[in-house]
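Enquirer: Got a structure for you, questions after.
None of the figures in this text is laboratory data; all of them are computed from the coordinates on show. Only a predicted model underlies this, so the values are computations on that prediction, with no experimental measurement involved. Cβ: placed from backbone, ideal geometry, glycine included. Neighbour counts: every protein chain shown.
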Amino acid sequence: NTQARLSPGAPLWLYGLLEEGVLAHGSRTLSSVSSSANGEGGGRPLFVNVRTVATVGSAVLFAATRAHRAPAQARCSSWSSLVELELPPSHIPSNGLFDLGKGDSAKGDVGKGKDPSLPVGKGTNPSFPSLSLPWTVLPGLFAGGELDMMTRFMLERLPSPPQSARVLDFGCGSGVLAGALVQRALLNPANPADLMSGAAADLKRGGVRVTLLDADAFALAAARRNVREAEAVVCSDRFKALPRPRSSQERFDWLLSNPPVHARNGIEQHFGVLRALVRAAPCYLKSPGGLLWIVAQEYVPVGSLLRAHGGYARVDACFSEYGRFVLWRGVVWPPPPP
């Protein structure tokens, strides 16, 4: 949508990395972008004089000029497409408990079950069928805006949050996690007495109040369409634009994330977002008993970061069948005495 923001004759500078495919696709994409994509302009090119200005190491700088008499409109709908999102069925143990497989408390005890003194919510654990949802996607989104393998594993193992829970989907992308929770809650409402006493807005959301947060405004444009029940949509680099809770009512019951663990080139490991998530989550979760859910590949040191932080009373892990993915759960400590 950059072309709709530039005046005719204005320059455009585009930077990218070789490993991102910029040399193969950069100039070709700029040269082929046509006003016909917006339904007007007769297919005239939107950019002219496309050229490579400099290449230094793996970095490439392109330049182009906004063409005259080639109208364009800045609408995400021009680039969106509608797909069928297949949500997996849940695999919750028949005993109604979430089998994490491995866990330890703050004292280092392993596999001894939940600490009875620490409330972790009364989430319901029905067996959910697979679901097919109409889903809006946009170019350039993670996993194409659809369901990646780790998010699928997370949804297969995730129980339902408590009724009327406040849930933050951190790094929400197109809204898959939040959308799945809302749809599952609609399939499994609380008992009729609870629903009769609930607010109309809570009934519309199935009793789950979700907030979407992502640093990518393009992803949020898709998420808004996909999760129309969202209580709030926040465009934020990590937690910078999310206000700190002023009361326990403003805190979240759950915070869940499939966080990025690579640098922008998609190759080098980079745990900056993950560290910020582990560090800040206790400030936004209910205390005690708020739950931080993180899914990651096995090599990512989520467990070490959670245990080293000191803000989590218990850290649990659920491994995928072949150990490639891990779903982590951190339970927030009670607040210190005044």
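Enquirer: How big is the Cα convex hull of the range 241-323 in projection, averaged over all directions, in nm²?
Expert: 6.4
Enquirer: Once phi is turned into ³J(HN,Hα) by the Karplus curve 6.51 cos²θ - 1.76 cosθ + 1.60 with θ = phi - 60°, what whole-Hz value does each residue of the range 296-311 show in order, with x for glycine and proline?
Expert: For the range 296-311, the Karplus-derived couplings read 7, 6, 4, 6, 6, x, 5, x, 4, 5, 5, 5, 6, 5, x, x Hz, x marking Gly and Pro.
Enquirer: Residue separation times 0.36 nm, minus the C-alpha to C-alpha distance between T65 and V83: what's the value? Walk me through the numbers on the way to the answer.
Expert: Details: separation 18, 0.36 × 18 = 6.48 nm, distance 3.42 nm.
My answer for the length gained is 3.1 nm.
Enquirer: Work out the FRET efficiency for C283 and A215 from their Cβ-Cβ distance, taking R0 = 25 Å, and round it to the nearest 0.05.
Expert: According to the calculation, E is roughly 0.85.
Enquirer: Give, in nm to one decimal, the length gained when the segment between F319 and V53 is fully stretched (0.36 nm per residue of separation minus the Cα-Cα distance).
Expert: Net length gain for the segment: 91.0 nm.
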